Amino acid sequence: MAVAALPRCPPHLSDTARREWRRLAAPLHEIGVLTLADRAVLAAYCQAYSRWVEAEQNLSKTPMLLKTPSGYAQQSPWLSIANKQLELMARFMGELGLTPVARRRVEIETATGPEPITKIEFVTVYTDENGKRVERSAGTWDPDANNNASNSKRIGVKWQD
């Protein structure tokens, strides 16, 4: 069950990770995925995201293959970092329901909407000659006579002259 308060962004996260936290925390909290107990998982995802962004930015400025002092071609360290962070992000995304497939597996609290109306009470509301508000029952509609009265809704219609 989700906690009432949105968990705070951990102070140790980088600026990019904090922006990712702000982008995801509220929506995940609203659907019941992010609780105080899950703060570390989202923080880890955000930090992996930040490192991936940094690696991709650096990779765009350098070649993917570098020449070693001995003359051999070597993969850029930024490519290794980017790939590793993508692997970590994919794991965390699965835990947090951040992919279409993962959303089907993650049990989330969804708003089911209002309770169904099972009984309608028709009420006449008017102001009497003394200026006092008066409400009078005009009958009810109850499709299921055994229905629990706590599920019934009272509906009033205000008529304007």
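A few remarks follow.
- The H on the amide N of PHE122, modeled in the peptide plane, is under 5 Å from the matching H of ALA138, GLY139, THR140, TRP141, each at least 5 residues off or on a different chain.
- Relative contact order (percent, whole number), the range 1-98, Cα cutoff 8 Å, 6+ residue spacing: 28 percent
- For the range 1-99, the fraction of 1.4 Å probe accessible surface lying on carbon and sulfur atoms is 57 percent.
- Annotation: per residue accessible area for the range 6-88 equals 62 Å², rounded to a whole number [probe 1.4 Å, protein chains only].
- Cα-based shape type of the range 62-105, given that a ≥ b ≥ c are square roots of the gyration tensor eigenvalues and the cut on a/c is 1.5: prolate
- By average C-beta atoms within 10 angstrom, highest first, the peptides 44-57, 63-76: 44-57, 63-76
The values are calculated or read from the model by the stated rules, or taken from the named source; none is laboratory data. The model shown is predicted, which means the values in this text are computed figures rather than measured ones. Cβ atoms come from the backbone with ideal geometry, glycine included; neighbour counts cover every protein chain shown. Protein only, heavy atoms only, side chains kept; ligands, DNA and RNA dropped before computing areas. Shrake-Rupley method; radii C 1.70, N 1.55, O 1.52, S 1.80 Å.
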